[in-house]
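Contents: one structure, followed by commentary.
The values are calculated or read from the model by the stated rules, or taken from the named source; none is laboratory data. Predicted model only: the values in this text are computed from it and were never measured. Cβ sites come from the backbone with ideal geometry, for glycine too, and all protein chains shown count toward neighbours.
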Amino acid sequence: HFLTNRVFLPNMKQAKRGHIVAICSITGLLTVTRSEPYCSAKTAVRTLMRVLRAELRLYGITGIGVTTVYPPFLTTHAGMVKNVRNSGYAKLYPLLKGEKMAQRIVHGMLRGEVEIGVPGFVMIVYRFIAILPSIVQDGFAHALAALKNY
């Protein structure tokens, strides 16, 4: 993400238009125990996009959108789909076709959304969990890890 932004952002600034979209993960919002490297990487993507958006505003650069996407599991990887269907995640998050996710991203970009969570309740749940005491947040992290059996 970082290097791609460095390549394309100067041309976007010059043209005063463009849109940067980063695919993150629900683990960029919610902690899942026993997933430290993955959660850390996805949290970094989320932070990178927030900083980029803030810096564009700080320097008065308009016309460039910044959107972070938190997708569910997609049906594009057969092996993972099988594992997800056999896990507890399938009960919480629907498997979604890549085409549907792409449509949702374009729709969100056109509306100027800075964060897109699918399903929609994901962002609400995250914001709720974020205000809970850390001991409760840790319980959620453990519960999410327990759903993962692959």
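I'm told Gln137 meets every condition in (1) at pLDDT 75 or above; (2) among the polar types (S, T, N, Q); (3) under 28 Å from Asn5 (Cβ atoms) except one. Can you identify the failing condition by its number?
(3)
Looking at (1) part of a helix (DSSP H, G or I); (2) at pLDDT below 95; (3) surrounded by fewer than 18 Cβ atoms within 10 Å (Cβ to Cβ); (4) of a type outside the set (Phe, Trp, Tyr), which is the only condition Arg46 fails?
All conditions pass for Arg46, except number (3).
Within region 101-124, which residues are touching a Phe, Trp or Tyr at 6+ places or on another chain (Cβ under 9 Å) and either farther than 17 Å from Gly28 by Cα or in a helix (DSSP H, G or I) (or both)?
Listed by number, the residues that qualify are Val122, Met123.
Is it the case that Thr4 is at pLDDT below 95, surrounded by 14 or more Cβ atoms within 10 Å (Cβ to Cβ) and of a type in the set (S, T, N, Q)?
no
What are the residues in region 18-39 that are surrounded by 12 or more Cβ atoms within 10 Å (Cβ to Cβ) and either more than 26 Å from Gly139 (Cβ to Cβ) or without any contact (Cβ under 8 Å) to a residue 40 or more places away in the chain (or both), if any?
Gly18, His19, Ile20, Val21, Ala22, Ile23, Thr27, Tyr38, Cys39 - these are the residues of region 18-39 that are surrounded by 12 or more Cβ atoms within 10 Å (Cβ to Cβ) and either more than 26 Å from Gly139 (Cβ to Cβ) or without any contact (Cβ under 8 Å) to a residue 40 or more places away in the chain (or both).
So in region 93-117, with the set limited to residues that are farther than 14 Å from Ala22 by Cα and of a type in the set (A, V, I, L, M), which one is surrounded by the fewest Cβ atoms within 10 Å (Cβ to Cβ)?
Residue satisfying both the conditions and the ranking: Leu110.
Out of all the residues in region 125-140, which are exposed (fewer than 13 other Cβ atoms within 10 Å of the Cβ) and touching a Gly at 6+ places or on another chain (Cβ under 8 Å)?
Within region 125-140, none qualify.
Given the options Leu74, Leu56, name the one that is over 30 Å from Ile135 (Cα atoms), among the hydrophobic types (A, V, I, L, M, F, W, C) and modelled with pLDDT of 95 or more.
Sole residue among the options that is over 30 Å from Ile135 (Cα atoms), among the hydrophobic types (A, V, I, L, M, F, W, C) and modelled with pLDDT of 95 or more: Leu56.
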